[in-house]
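Asker: Quick one: the structure is below, and I'll ask about it shortly.
The values are calculated or read from the model by the stated rules, or taken from the named source; none is laboratory data. The model shown is predicted, which means the values in this text are computed figures rather than measured ones. Backbone-built Cβ (ideal geometry, glycine too); neighbour counts: all protein chains shown.
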Amino acid sequence: MIKPFLYLFLSLGLIQENQQPIIKLASQWRFEIGDKPVFALPDHDDSNWTFIKVPAPWENVGFPGYDGYAWYRTWFQVPEDIKLEDLYLKLGRIDDVDEVYLNGEKIGFSGQFPPNYKTAWDQVRIYKLPANLLKPAENNLIAIRIYDYHISGGIYEGPLGIYYMPHELELKVDCSGKWKFSRGDSSHWRNTIILDNAWEQITVSKEMDLKSKQSPDEVAWYRKQILIPSRLANRKLVFITGQKTECEKVYFNGELISAVLEGQKANKASQNLNASPWQYFAIPPDLIQYDKLNTLALRICTPSHNGSILTGPIGITTEEIVQKYSQR
């Protein structure tokens, strides 16, 4: 069997791997098992919490066999001469679900907490730090609420730090991580519910190239279920798949939202967003199920040497963010 190269590059912005944080975070964070809303607040007394090393599964640093809720806290200072815009918190990977708070205000999350549990253990966490919440030359608190379902838990892989990332495009829903993958082609694979248990599971986080000398016209499908929170209900949402490809169809909950064939432009709703090399697909609001799982299905073919998903982010953001980004 011919096996094409299966790699998809996820570049959240134009950040190079050797970039160093402009603000280093402590290697020992305060840690407490359990779950209380006050743990997110700056004035909460955490003097009796345990210090543990990050990144490392909490089972390896003093809490073997623990599954459930836990919190991490650490403080940092922002020098007065640092520009507060375009600062991002990088937390590596967290098992399984997290909410992140800056000075008591929630700034982002990945996965879904019980009772509608959905893991995000394989996703890289990058959260924008709102400039209005930062306090220059004062102590600032990062508090992270985490739920671990089983096996390893916590902040298990770095890097961790605060980075200046002026070229970052903020994703409201990160679509990297595990996707279902199948070679071949069927019109039924666009549907919300299909029998895909036998499909391969691949990690969308590196460069995926479906080109093959023996099979230049390879067709493959990718499927993923994503949660879109209701806080985005009044925003115009856009799906981003990275650089433009020569042959691509994107389905959202079974409906075609854009098709790009032999250099043709995307649907009319998306054309005004396509100034950048990345490809944007406007999602019709009436197709979205908020606070529920939605199905993304991508049909990709490689009709020529250049056909594939290349560098760029993969996720959902707002049209407003895309417009601001394209004006930089």
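Asker: Contact list please: Cβ distance under 8 Å, first residue in region 41-67 and assigned by TED's automatic domain parsing to the domain that holds Ile144 and loosely packed, with under 14 Cβ neighbours inside 10 Å, second residue at pLDDT 95 or above and in a helix (DSSP H, G or I), pairs at least six apart or on different chains.
Answerer: Note: pairs meeting the criteria are Gly65/Glu59.
Asker: Follow-up. Given Tyr163, Tyr156, Tyr127, which one is of a type in the set (Phe, Trp, Tyr), in contact with a helix residue (DSSP H, G or I) (Cβ under 9 Å, 6 or more places away or on another chain) and buried (at least 18 other Cβ atoms within 10 Å of the Cβ)?
Answerer: Tyr156
Asker: In this structure, is Ile316 at pLDDT below 90, within 30 Å of Asp86 (Cβ to Cβ) and in a strand (DSSP E or B)?
Answerer: No.
Asker: Name the pairs: first residue in region 120-144 and farther than 18 Å from Pro166 by Cβ and acidic (Asp, Glu), second residue modelled with pLDDT under 90 and in a strand (DSSP E or B), Cβ to Cβ under 9 Å, at least 6 apart or on different chains?
Answerer: Close Cβ pairs satisfying both conditions: Asp122/Gly177; Asp122/Lys178; Asp122/Thr203.
Asker: Quick check on my filter: what residues within region 153-193 are closer than 20 Å to Phe281 by Cβ and of a type in the set (Val, Ile, Thr)?
Answerer: Val173, Thr192
Asker: Consider region 176-188. How many of its residues are assigned to a loop (DSSP other than H, G, I, E, B) and buried (at least 20 other Cβ atoms within 10 Å of the Cβ)?
Answerer: Adding up the residues that qualify gives 1.
Asker: For region 74-119, give me the residue count where each residue is within 19 Å of Asn294 (Cα to Cα), touching a strand residue (DSSP E or B) at 6+ places or on another chain (Cβ under 6 Å) and not in a strand (DSSP E or B).
Answerer: 2
Asker: Could I ask something else about it? Could we say that Arg93 is among the basic types (Lys, Arg), touching a helix residue (DSSP H, G or I) at 6+ places or on another chain (Cβ under 8 Å) and surrounded by 17 or more Cβ atoms within 10 Å (Cβ to Cβ) here?
Answerer: no
Asker: Next question. Suppose we keep only residues that are more than 13 Å from the chain's Cα centre (by Cα) and aromatic (Phe, Trp, Tyr) within region 96-115. Which one would you say is surrounded by the fewest Cβ atoms within 10 Å (Cβ to Cβ)?
Answerer: Phe113
Asker: In a loop (DSSP other than H, G, I, E, B) and either of a type in the set (D, E, K, R) or not assigned by TED's automatic domain parsing to the domain that holds Tyr147 (or both): does that describe Asp122?
Answerer: yes
Asker: Let me ask another. Suppose we keep only residues that are under 13 Å from Ile23 (Cα atoms) and in contact with a helix residue (DSSP H, G or I) (Cβ under 8 Å, 6 or more places away or on another chain) within region 75-90. Which one would you say is surrounded by the most Cβ atoms within 10 Å (Cβ to Cβ)?
Answerer: Leu87
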